[in-house]
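A short write-up of the structure that comes next.
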Amino acid sequence: MRKRGIFYLLNFLFGLDEDTPDVFEATIQFLEEIKAPIAFFNTVTPRKGTPMRKRLEDEGQVILPEADRYTNNFRCMFILKHMTPEQVEDGTWWCTSTFYSLSSIAWRMLLPPSAYTPQGISSNLFFCWGAKWRIDPVDYY
């Protein structure tokens, strides 16, 4: 898509049953390898009425039952199999701050510039600001 000048974004959810702590670094490595212009990172937040939420409630794994009401998609609301909720939240913030660091933005957006560099650079800088202040950039995008 980069070669064709197509601007795209990728979305990642962390906290699935098969996720382990190495998922964060592997995700960033992949995104830098493909020089993705924009990526959104969130934790899995099963909404009430979904099969996953029912399963988690039945298994007694929900620890923040009201988390699906909030706009901050970085909160982990349940106990996972291979990570703690804190690991998921910290890893999600780490991915956001690493991906939207100035060095990553320069690498992905400017080396070499592409047809979507002008469009992508402003969004990336905005997300860099959000990551610095731990404000979920998706809330404002």
List the residue pairs whose Cβ atoms are under 7 Å apart, where the first residue sits in the stretch 89-111 and is within 11 Å of Ala39 (Cβ to Cβ), the second is of a type in the set (Lys, Arg) and outside any helix (DSSP H, G or I), and the two are 6 or more positions apart or on different chains. Arg108/Lys35
Would you tally the residues in the stretch 36-81 being in contact with a Cys (Cβ under 9 Å, 6 or more places away or on another chain), at pLDDT 80 or above and not in a loop (DSSP other than H, G, I, E, B)? 3
If only one of Gln61, Gln29, Gln87 is under 14 Å from the mean Cα position of the chain (by Cα) and over 25 Å from Arg2 (Cα atoms), which one is it? Gln87
Go through the stretch 82-141 and tell me which helices (runs of 4 or more DSSP H), entirely inside it, have 3 or more residues that are surrounded by fewer than 14 Cβ atoms within 10 Å (Cβ to Cβ). 117-132
Which listed residue is surrounded by 12 or more Cβ atoms within 10 Å (Cβ to Cβ) and in contact (Cβ under 8 Å) with a residue 60 or more places away in the chain, from Ile63, Ile28: Ile28
Identify, from the list Ser104, Ser114, the residue that is modelled with pLDDT under 90 and small (Gly, Ala, Ser). Ser114
Identify the residue in the stretch 10-37 that is touching a Ser or Thr at 6+ places or on another chain (Cβ under 6 Å) and not aromatic (Phe, Trp, Tyr) and, among all such residues, is farthest from Gly130 (Cα to Cα). Gly15
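The values are calculated or read from the model by the stated rules, or taken from the named source; none is laboratory data. For clarity, every value in this text was computed on a predicted model and none was experimentally measured. Here the Cβ is made from the backbone with ideal geometry for all residues, glycine too, and neighbour counts use every protein chain on show.
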